[in-house]
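Heads up: the structure comes next, in structure tokens.
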Amino acid sequence: MPDSPSLLVVGGGIVGLATAYRYTERYPGAVVTVLEKESSVGQHQTGHNSGVLHSGIYYKPGSLKAINCREGKRAMEEFCREQQIPYEVCGKVIVAVDEGDLPSLEKIYERGQANGVTCERIGVEQLAELEPHAKGVAAIHVPEAGIVNYGAVCTKLAELIAAAGGCVVTGARVTSIKQSPGEVVVQSTAGDFTAERAVTCAGLQSDRVAKLSGAKPDAKIVPFRGEYFELKPSAQKLCRNLIYPTPDPAFPFLGVHFTRMIGGGVECGPNAVLALAREGYTKMGLNIGDLAESLTYGGFLKMAAKHWRMGAGEMWRSVSKRAFVKALQRLVPEITVEALETAPAGVRAQAVLSDGSMVDDFLIEETGRVVNVLNAPSPAATASLNIGKLIIDRLG
């Protein structure tokens, strides 16, 4: 690769920005341009992130999630220290609320050990010391889990990219990606841009943008809206740090949980319901084209048929605050309907294969001179600085 290569990054979320930043580190003097369709960076999945620094305990050993989460968390903490971005290693508990959860809890503990996560199986007395209002029959304590503001990380990454001679162009919705033997030309609403290589990190639009590059991904993005509540100030004493249930191993969501935020307050949720638009952050946010694409996709229909019971429960919690509270009460029985107020929702870009299976790992594919990030679910924010290095390695 030449001394001063050029790179275009499509997508100004945390993965795209981390990739561009890592590129400027590896190739000083490189011409790096980030294209973001919104008016500022980190407006979608990153900006609606709960801000957890994940430890890597949940993920299959050897997976991209497991490897990049561990390395990425260390890199993110170092970055925050260097850039004076507030973060806190506060710890979390993963709770088995009844005996039926114990086999899954044990599997998570084994994964944590295999992944090198500092974690400990604890009983009800230790759980009560850490989280006095949480109830269960056993738990895992993960002292190295933490919290941070990923929006602040994105702002700093954009500043550092600019300081290194790069450029973050907002209001640049990509409409075309054309490849030739020596370059990539990206057309956007902010003009045309040319570079030797390109990376797409388009989140909720990742499959569509990848297709512009000539890729033919088997996975399609199905958007799931995650709805949250937050504890009113009078109820925030019910959660000291992070309280998670034992997740269903057959479903790639962690269940409703409690998250203390770095800026104050405690968030509760999310549930996971099909969003009516790829960027549908409200219950009434409807895009007919997006919804029709989801509902006519064979992969989604197969997934829905397999997980309809789980889906029905999620939908019921979406329309019934009392049902949502009941789910939270499994972890913290003292929670009441009156203790909660509505918080902003997020939308998860879930890649679903044509056979109906949900992609549970990072999915990164190459098409000519373009590297496409097709699936970057949690813990992508935690792992972003390491994912950026991985993508640059693939650029060669």
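What follows is calculated from the coordinates using simple rules that are stated; it is not laboratory data. Since the structure is predicted, the reported quantities are computational estimates derived from the model, not experimental observations. Using ideal geometry, Cβ is built from the backbone for each residue, glycine included, and neighbour counts are taken over all protein chains shown.
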Expected-Rg normalisation [2.2 N^0.38 Å, Cα atoms] applied to segment 92-143:
1.05
Amide H contacts of Val10 (H built 1.01 Å from N, under 5 Å, at least 5 apart or other chain):
Leu35, Val199, Thr200, Cys201
What ranking, highest mean first, results for peptides 272-278, 318-324, 298-304 when packing means the other Cβ atoms within 10 Å averaged over each residue?
272-278, 298-304, 318-324
Per segment 220-358, sqrt(5λ) over the Cα gyration tensor eigenvalues, sorted largest first, in Å, gives 28, 16, 13
Over all directions, the average projected area of the alpha-carbon convex hull for segment 20-73 comes to how many nm²?
5.4
Packing-based exposure ordering (other Cβ within 10 Å, fewest first) of Cys167, Cys268:
Cys167, Cys268
Using modelled amide H (1.01 Å from N, peptide plane; none on Pro or chain starts), what sits under 5 Å from the amide H of Asn375, excluding residues fewer than 5 places away?
Leu363
Treat every Asp and Glu Cβ in segment 92-143 as -1 and every Lys and Arg Cβ as +1, leave all other atoms uncharged, and give the resulting dipole magnitude about the Cα centre to the nearest 20 debye.
200
Volume in Å³ per residue [convex hull over Cα atoms, computed for segment 76-208]
194
Whole-Å semi-axes of segment 42-126's equivalent ellipsoid (Cα gyration tensor)
26, 15, 14
Roughly how big is the chain's charge dipole about its Cα centre, with Cβ charges of +1 (Lys, Arg) and -1 (Asp, Glu), in debye to the nearest 20?
580
Along its principal axes, what span do the Cα atoms of the chain show, with the longest given first and each in whole Å?
63, 47, 37
Within segment 81-231, how many Lys pairs that are eight or more residues apart, or on different chains, come under 18 Å at the alpha-carbon?
5
Using only the alpha-carbon atoms, what does segment 288-396 span along each of its principal axes? Please give whole angstrom values in decreasing order.
55, 34, 24
Cα-only Debye scattering, segment 161-205: base-10 log of I(q)/I(0) at q = 0.20 Å⁻¹:
-0.75
Selection from Gly226, Thr336, Gly255 lying farthest towards where the dipole of segment 220-358 points positive, charges on Cβ:
Thr336
For segment 135-274, the spread of Cα positions along each principal axis, largest first, Å:
61, 38, 26
To the nearest 500 deg cm²/dmol, what mean residue ellipticity at 222 nm is calculated for the chain from DSSP H runs of n ≥ 4 alone, each contributing -39,500 (n - 2.57), summed and divided by the residues?
-10000 deg cm²/dmol
Binned at 10 Å starting from 0, the alpha-carbon pair-distance distribution of segment 221-303 in whole percents comes out as 17, 36, 30, 15, 3
Under unit Cβ charges (Lys, Arg +1; Asp, Glu -1), what dipole magnitude, rounded to 20 debye, does segment 204-291 have relative to its Cα centre?
140
I want to verify the translational diffusion coefficient of segment 183-230 in µm²/s; compute it with Stokes-Einstein, Rh as the Kirkwood radius over Cα pairs, at 20 °C and 1.002 mPa s.
165
If you take the beta carbon distance between Ala128 and Ala305 as r and set R0 to 45 Å, what does 1/(1 + (r/R0)^6) give as a FRET efficiency, to the nearest 0.05?
0.60
